[in-house]
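The next block holds one structure in the form of structure tokens; read it before the comments.
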Amino acid sequence: MSQAALRIQKISGHAGSVPGEDTQRNLTVGKLIDTTTCIGCKACEVACMEWNDLPFGETVFGNTYQTMPETRWNYWNLILFNEHERDDGTLMWLMRKNQCMHCAEPGCLAACPADGAIVQYTNGIVDFQQANCIGPFDIPKMNPKNNRVFKCTLCTDRVSEGLEPACIKSCPTGCLHFGTKDDMLDLAHKRAKQLQDHSNFADAGVYDPQGVGGTGVIYVLHDSTHPELYGGLPRNPHVPWTVKLWKGPLKWLGNVAMVGGLIGLFVHYLRYGPKAREEEDINPGGSKS
Amino acid sequence: MNVQLVPEPFVEISEEMAEERGIRGGDTIKVSSIRGTYIAKAMVTKRIKHMMIDGKKTYQIGIPIHWGYRGIAEDEGKTALTLTNQLSPTVVDPNAYTPEFKGFLVKVEKA
């Protein structure tokens, strides 16, 4: 995979600063998914499988057009279907393309203890280095056979050569767009406004959650006040404060406690000397009290 | 790969009809017409609503066309190996011989 156009911004579990930090001007990329024009054809699922050579996995009939309940280690891109009845009685068949959101503040990166397993590039793509991975979390899905984690890479191998991701290329309705994050936001807001003005979706809007600092993948939704209708899209995703505490202040506290403990041990030895032996203890052959 | 996307043939039926006949999503049902039978799993959906024809409640069901006889899942014996095309009438337009395939009456029951 060519690394020429990608510069690393953050590394998981890494001590010290990131090599080459802040040396070049950043340009973030974004993927726009317009759920209002998605027809659920699954061309993007096929494209992702083909491009990444994902091995076959068994599926069963689940009373829905949805291929499987959630993404797997060998299935990074999944269309979620939801039949939703609106208040005025009309039925909507909502379809959302589900894959890694490439958050600006990736929770998975913050929580991962393995040095270099999850890497966020300066253009916003969150990628995996399988060789450094030691375990699983959530959208990153683990292959139980070799304990390695896999997820959507936003086709870093294609993007670094100037091509768009495989799913974008395969979409027949043109509901998937790729470009810089700013351009995508622009397009998204224009489309949302178009929906608000010319159709009866007054709540149409853009999903770009600021709780994780914005995401590399943004959605245009018919109803942005109810993101959970689109296959359980979380309303306000954020890195849990427990993880922030664990990887932030608690780390320093732990270090202080450990070093302090060692210093305390040493000082105690200097002040009080070794443990004093008592007479009864050096009684050979006698019974222990 | 197509088998991964849609693993088995299915029949789309409306929620009301499913309730009337005691069918739940994933149950194997039998669809029969004068010409043949088709056995597949039921997909219960909100997208189909009933119609009132001559004052009687009439339902429409959806079956993907041309399915059922050969394929990866079929060859492994995972499906009932019945043909959708056996249900439809062999009626053609007398001039152009265009088949009239898609509108016909069937009976739906639990298999």
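The values are calculated or read from the model by the stated rules, or taken from the named source; none is laboratory data. Just so we're clear, the structure is a prediction, and the values are computed from it rather than from any experiment. Cβ coordinates were reconstructed from backbone atoms using ideal geometry, including for glycine residues, and neighbour counts include every protein chain displayed.
Couple of notes before you dig in:
- Screening the stretch A:80-121 for residues that are more than 14 Å from chain B (Cβ to nearest Cβ) and β-branched (Val, Ile, Thr) and picking the one that is surrounded by the fewest Cβ atoms within 10 Å (Cβ to Cβ) gives A:119.
- Complete set of residues in the stretch A:147-160 that are part of a loop (DSSP other than H, G, I, E, B) and either at pLDDT 65 or above or of a type in the set (Gly, Ala, Ser) (or both): A:151, A:152, A:153, A:154, A:155, A:160
- The residue list A:253, A:245, A:187 contains one member that is modelled with pLDDT under 85 and among the hydrophobic types (A, V, I, L, M, F, W, C), which is A:245.
- Total residues in the stretch B:1-33, condition assigned to a loop (DSSP other than H, G, I, E, B) and either free of Cβ contacts under 8 Å to residues at least 24 places away in the same chain or at the interface with another protein chain (Cβ under 8 Å from one of its Cβ atoms) (or both): 7
- Looking only at the stretch B:34-58, and only at residues there that are small (Gly, Ala, Ser) and either touching a residue at least 40 places away in the same chain (Cβ under 8 Å) or on the phi > 0 side of the Ramachandran plot (or both), the one that is nearest to the other protein chains (Cβ to nearest Cβ): B:40
- Taking the criterion of being aromatic (Phe, Trp, Tyr) and in a strand (DSSP E or B), the only residue of the stretch B:34-60 that qualifies is B:38.
- Residue count for the stretch B:85-106, restricted to those that are of a type in the set (Gly, Ala, Ser) and within 15 Å of residue B:60 (Cβ to Cβ): 2.
- Search result, residues across the stretch A:192-201 that are farther than 11 Å from residue A:218 by Cβ and in contact (Cβ under 8 Å) with a residue 12 or more places away in the chain: A:195, A:201
- Test: residue A:218 is modelled with pLDDT of 85 or more, among the β-branched types (Val, Ile, Thr) and crowded, with 19+ Cβ neighbours inside 10 Å: yes
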